[in-house]
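Each remark here refers to the structure printed beneath this line.
The values are calculated or read from the model by the stated rules, or taken from the named source; none is laboratory data. Here the structure is a predicted model, which means the values were calculated and not measured. No Cβ is skipped: glycine too gets one built from the backbone with ideal geometry, and neighbour counts run over all protein chains shown. Note: accessible area is taken over every heavy atom of the protein model, side chains too, but ligands, DNA and RNA are not part of it. Shrake-Rupley method; radii C 1.70, N 1.55, O 1.52, S 1.80 Å.
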Amino acid sequence: MAEPIVQTPAFGLVGWTSCGSCHKVVEDRNKEPKVEGVSAWVPKNPLPEYQEADTKNRPDMNITKGGLVIFSANSNPSCMELAKRIAERLGVELGKVQVYQEANRETRVQIQESVRGKDVFIIQTVSKDVNTIIMELLIMVYACRTSCARSIIGVVPYFPYSKQCKMRKRGSIVSKLLASMMCKAGLTHLITMDLHQKEIQGFFNIPVDNLRASPFLLQYIQEEASNGSIFFGCQQWQFCCFRAQSFAERLRLGIAVIHGEAQDAESDLVDGRHSPPMVKNIGAIHPSLEIPCECSLSLLIPKEKPPITVVGDVGGRIAIIVDDIIDDVHSFLAAADTLKERGAYKIYVMATHGILSSDAPRLIEESAIDEVVVTNTIPHEVQKLQCPKIKTVDISMILSEAIRRIHNGESMSYLFRNIGVDD
């Protein structure tokens with residue numbers, strides 16, 4: 001008989017195991033799959049505050065039907081490690097596939113086992129060479145399609161080009177282009193996590209499951225950062241106020257707002273359609289198009305962004321700044337300096353996707369930030385060597401359960417129970 005699924009009212013789904021007598025994958029409820037080279041934090045002791053009443057009719061976790069094939073792309077060794085953890089949780093072997101680049105930098109894919117009539121799951125994480133991993137994924141999807149796979153599900157924890165989901169001047173909505181390419185290649189389903197904008201799901205004409213990493217991040221806070229009071233800092237200019245509020249409410253903590261805006265690439269000044277033109281361009285307006293008002297000059301003056309200030313008392317508290325993506329860290333550094341000046345005891349930065357490009361690890365190491373917590377949706381082993389402050393939370397548990405439920409035709413709604421709308 002399977003162990004009951006453990007769930008807390010605050011965290012949603014935090015862990016699952018199956019009894020050793022039912023399945024050989026998990027012999028002990030606290031035993032995690034061991035994969036060499038993985039140094040990610042995994043939930044060890046989920047809080048048994050809530051259990052479903054109906055435990056008789058619930059299917060055993062981690063047990064899948066036949067006809068399942070899991071492939072791992074060749075983007076990064078960490079992608080292979082994540083795929084191995086997922087496969088070991090499901091009790092299956094990774095599919096045999098050869099992905100390599102020829103001398104002329106063309107990507108070649110060779111499926112080395114039959115996928116006819118099977119459910120194929122392709123796991124692909126984003127590495128430094130984003131365009132190469134996209135081509136790997138598209139070619140693998142098309143290869144499985146031409147090999148008569150029954151369904152092809154892409155497991156892309158971080159959806160690339162997700163920040164380019166809005167029109168900027170004469171640019172393009174690249175997320176829509178990438179979604180169309182995936183559907184055209186033959187993808188029938190997509191599993192991803194914490195999309196930068198939830199509206200990206202509308203770019204696809206196939207089912208998209210946008211999973212949440214918040215249960216694992218919240219549990220990390222409670223287990224690793226529970227000494228002393230915890231206080232949430234929120235960066236309003238990065239659209240994280242609601243996310244921080246959702247986290248704070250579920251942990252029954254207070255919330256402080258970091259008010260002000262930094263000059264980033266997503267500001268309104270970048271897109272002239274959302275903000276009035278600069279004052280220096282007023283003379284170029286044709287007289288017939290001028291606003292017939294004495295205050296026309298003041299209407300055309302662009303808005304001034306206020307300096308960064310903290311609304312709330314953070315003295316002697318642990319401040320946790322939340323976001324969905326950490327890439328350019330300058331805004332986080334400015335927020336950390338402001339919180340430190342206000343007397344914050346410790347400063348944590350927490351996000352789902354840790355891109356940490358360029359010299360981000362060095363800047364974090366030299367900053368007032370005490371710890372940066374991200375998940376393994378994106379490989380960042382090199383960045384961890386450069387900056388010991390970076391910690392990793394393993395999310396292979398929820399990905400493996402999503403794969404199992406899709407393959408067995410079960411409902412996915414359980415994975416979204418007790419998940420806030422703003423997570």
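What accessible area per residue comes out for region 54-187, rounded to a whole number of Å², with a 1.4 Å probe? List each step's numbers first, then the result.
Details: 6510 Å² over 134 residues.
Accessible area per residue, region 54-187: 49 Å².
To the nearest Å, what is the center-to-center distance of region 107-173 and region 328-385, using C-alpha atoms only?
29 Å
State which entries of Lys96/Lys118; Lys84/Lys389; Lys128/Lys163; Lys176/Lys198; Lys163/Lys346 exceed 20 angstrom in Cα-Cα distance in the structure shown.
Lys84/Lys389; Lys163/Lys346
Could you go through region 309-325 in sequence order and give the Karplus-derived ³J(HN,Hα) for each residue, using 6.51 cos²θ - 1.76 cosθ + 1.60 with θ = phi - 60°, rounded to whole Hz, and x for Gly and Pro?
Per residue, the Karplus-derived 3J(HN,Hα) values read 9, 10, 9, x, 9, 10, x, x, 10, 8, 9, 10, 9, 10, 7, 9, 9 Hz.
Determine the gain in length on full extension of the stretch Arg362-Gln197; use 0.36 nm per residue of separation and subtract their C-alpha separation, reporting nm with one decimal.
Working: separation 165, 0.36 × 165 = 59.40 nm, distance 2.85 nm.
Result for the pair: 56.5 nm of gain on full extension.
Name the residues whose placed amide hydrogens come within less than 5 Å of the amide hydrogen of Val372, ignoring near sequence neighbours (fewer than 5 apart) on the same chain.
Val349, Ile390, Lys391
Among residues other than Ser357 whose Cβ falls under 13 Å from its Cβ, what is the net charge (Lys/Arg +1, Asp/Glu -1)? List each step's numbers first, then the result.
Values: positive: Lys128, Lys163, Arg362; negative: Asp129, Asp327, Asp328, Asp359.
Net local charge, Ser357 excluded: -1.
Take peptides 356-365, 135-144 and line them up by average Cβ neighbours within 10 Å, highest first, as a rough protection proxy.
135-144, 356-365
Residue separation times 0.36 nm, minus the C-alpha to C-alpha distance between Glu102 and Phe416: what's the value? Let's see the in-between values first.
Numbers: separation 314, 0.36 × 314 = 113.04 nm, distance 4.22 nm.
This chain segment gains 108.8 nm when fully extended.
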